[in-house]
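In what follows, a single structure is set out as C-alpha cells and then discussed.
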Amino acid sequence: LMSENSIQEFSTELLKVYYSRLFPYEEIFNWLSYGNDSSMERNYIEKDFFNRREWSFTIDDIYIRYQSFRDKSEFISAIQKRQPHKIDIGAVFSAPPKDHTTIKPELFKTKERELVFDIDMTDYDGVRNCCTGANICLKCWPYMTMALKVVDKTLREDFGFKNILWVYSGRRGIHCWCCDLEARLLPNDARGAIVEYLSVHTGSGEGSDKKTKQSFQQPHPMMKRSYETLEPLFVKYIAEESGQGLLAHKDRYMKVLNSLPNEVIRKEIYNHFESNPTLSGGERWEYIVLHTSPSNPSTGKKQKRMKIDYTELEAWRYELVFTHCYPRLDANVSKMQNHLLKSPFCIHPKTGRVCVPIDPAKAEDFDPFSVPTVRSLCMEIDRFDRGKKLDTEGIDDNKDESYGSGEKVQDMAKTSLQGAVDLFHKAFMNDLSASLRKQQRDQMDKVAAYSGDF
C-alpha cells in the first residue's frame, strides 16, 4: 500500500540534485514552445511564445502564479534557483504573465491552452472497497487504467485529436494533455461541451432517474463503444475476487441483484448463485449477461418471458458497468483555459515519485509502485558512479581506455528516468514534432505564396 507516510522519499536536498542533474528541461521546453524557439531565425515563429506561458511554483506551501520565462536558459535558471516543490503549467497569454500587473485587464487574455483532464482516485471512493482517500493499491489502480482507455479512445476517434500525453500524477491519479493545435485553441464553452460529452450520469439522484434511464436505454454510439471497452475490464478488475470482488461474495452480489429491475430474472439468477456457491465473479457475470439478454435460455413460462423488457435489463447492465468503471473527471480542470495543471516530470512532495508519462497503448502494464522516486534516482546515480569507479581502477592512465567508449555518461542515462523520457518521445513527442514540422512547412508555403517567392 502506498500510504501518506512516504515523506522519506522526498527532501529539499534530493530535489536540488534532481533539478541540477536529472530534470528534462530540454523535453519540457521543446514541447511547450511548439516549435517557437526564439533562438531560431524563422519569420513564421512567434519568438515570444514561450515567454507568454504561465507557470506556477509552489515553494514552502506558498503558491506563486504568473511566472514566465523568456527562453530555455531563463526557465532552467529559475527552477534551479527557486527549487519549487511543485510546478504547475498554465495557459499562453497575450502578454508575459509576469507583467500582468502592469497590463490593463482587457489586454491580458488567454490565447491558447492544452485541453487537459484530471482523474483522481478519491472520486472512486464510493465504489472501491480496498482503499480510501489518498491511498491506492494494485486492486484499485485499474480504475485509472479504465478511465485512460475510454478518454483516450474518445478523444482520438470522436474528436480526431492525435497528440495526447498521459502522465501519472505522482500519487493517486492521472493527467491528460491534448496538444493538437485545434485543442489548444478551443474556447471555454467548447471545452465545457467536450467535458459534457464525456460525462455519463449514473445513479439515482433526486430528479435524475428518468434522465439516467433514457440515456442507458438508448445509448449513444460513444457509450456503446465505451461499454465494449469496459465490460471485459469490469469482469477482470471489478467482478473477480482478484479485483474489487463485486460478484465474488454474497454480501456484495446481493446488492447488485437487488437493483435488477425484473423480479422474475432476479430470482432465476439468485437461485443459480445459491445452487452454485463456488462460482467465480466472472462466471456470475457471464450468467447475469446471458439471463438479461433476449437470447435468455431460461425455461420459464412463455407468458412470463414475453413480459420481460430486455431493453430495460440491458440498460441496467450498462449502468452497472458505467457506475463502477466509467471515468470520473474533474470538470473544472478541463473547462477553463486559465486552469493550471501539474507539470510532467516534477516530483510529488508527498510520495517523492516522479510524474512520469504513461503509454496509452500499454496502460494495463503501468504500475504506480514501480515509478522511481527522487531518492531512488539519486541512489541509481551513486550506484552507477561507484560501479564505474571500480571498473576503471587498475587501467593504465597512459592508455586511452577510460570507461566504455571514453564518452561521459549523462546522469539521466545512469537512471531509470531515462526510460520515462524515452517513452515521452516515443508515445508523444515524436508524433507532435512531426505535426509541428508539417504545420511549419504549410506556414512557409503560405509566406512564399504571399511574397511571390516560389
Of the listed links Lys111/Lys335; Lys47/Lys446; Lys236/Lys426, those spanning more than 21 angstrom between alpha carbons are Lys236/Lys426
Relative contact order in percent for the chain (Cα pairs under 8 Å, 6+ apart) equals 22
Simple SL model, points at 7 angstrom along Cα→Cβ for Leu185 and Asp442; separation in nm is 0.9
Descending accessible area (1.4 Å probe), largest on the left, turns Thr12, Thr415, Thr101 into Thr101, Thr12, Thr415
Checked against the structure, the computed mean projected area of the Cα convex hull in nm² among (1) 36.6; (2) 22.4; (3) 31.2 is the one labelled (3)
Largest-first ranking of Cys130, Cys178 by accessible area, probe 1.4 Å, whole protein assembly kept, is Cys130, Cys178
With 0.36 nm assigned to each residue of separation and the Cα-Cα distance removed, Asp37 to Ser416 gains 133.6 nm
Of the convex hull drawn through the C-alpha atoms of region 31-107, the volume per residue in Å³ is 101
To the nearest 10 degrees, the tilt of helix 310-325 (Cα long axis) against the first principal axis of the alpha carbons of the chain is 30
Taking Cα atoms, the helix 221-234 axis meets the longest principal axis of the chain at an angle in degrees (rounded to 10) of 90
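So how much slack lies between Glu274 and Glu364, counting 0.36 nm per residue of separation and subtracting their Cα-Cα distance, in nm?
29.0 nm
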Under 5 Å from the placed amide H of Ile358, counting only residues 5+ away or on other chains, we find Trp166, Val167, Tyr168
The FRET efficiency for Arg82 and Arg156, from their Cβ-Cβ distance with R0 = 35 Å and rounded to 0.05, is 0.40
In whole Hz, the Karplus estimates of ³J(HN,Hα) for region 242-251 (6.51, -1.76, 1.60; θ = phi - 60°; x where Gly or Pro) are 5, x, 7, x, 4, 10, 8, 10, 4, 5
Ignoring ligands and nucleic acids, Cys131 exposes an accessible area, probe 1.4 Å, in Å² to the nearest 10, of 10
For Leu341 the rounded accessible area (nearest 10 Å², probe 1.4 Å, non-protein molecules ignored) is 10
Partner aspartates and glutamates whose C-alpha sits under 19 Å from that of Lys307, ignoring same-chain residues fewer than 8 away, are Glu263, Glu268
With Cα coordinates, the longest principal axis of the chain makes an angle with the long axis of helix 142-159, in degrees rounded to 10, of 80
Counting sequence-distant residues (5 or more places) and residues on other chains, those with an amide H built under 5 Å from that of Phe93 are Arg53, Glu54, Lys111
Reported to the nearest 10 Å², Thr351 has, with a 1.4 Å probe, an accessible area equal to 10
Per-residue accessible area, 1.4 Å probe, largest first, puts Glu286, Glu268, Glu241 in the order Glu286, Glu241, Glu268
Loop-resident trypsin sites (Lys or Arg not before Pro) in region 300-390 with no more than 13 other Cβ atoms inside 10 Å, DSSP not H/G/I/E/B, are Lys301, Lys307
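The values are calculated or read from the model by the stated rules, or taken from the named source; none is laboratory data. Owing to the predicted nature of the structure, the values given are computational and were not obtained by experimental measurement. For neighbour counting, all protein chains shown are included, and Cβ atoms are generated from backbone atoms with ideal geometry for every residue, glycine included. Surface accessibility is based on the protein's heavy atoms, side chains included, excluding ligands, DNA and RNA. Shrake-Rupley method; radii C 1.70, N 1.55, O 1.52, S 1.80 Å.
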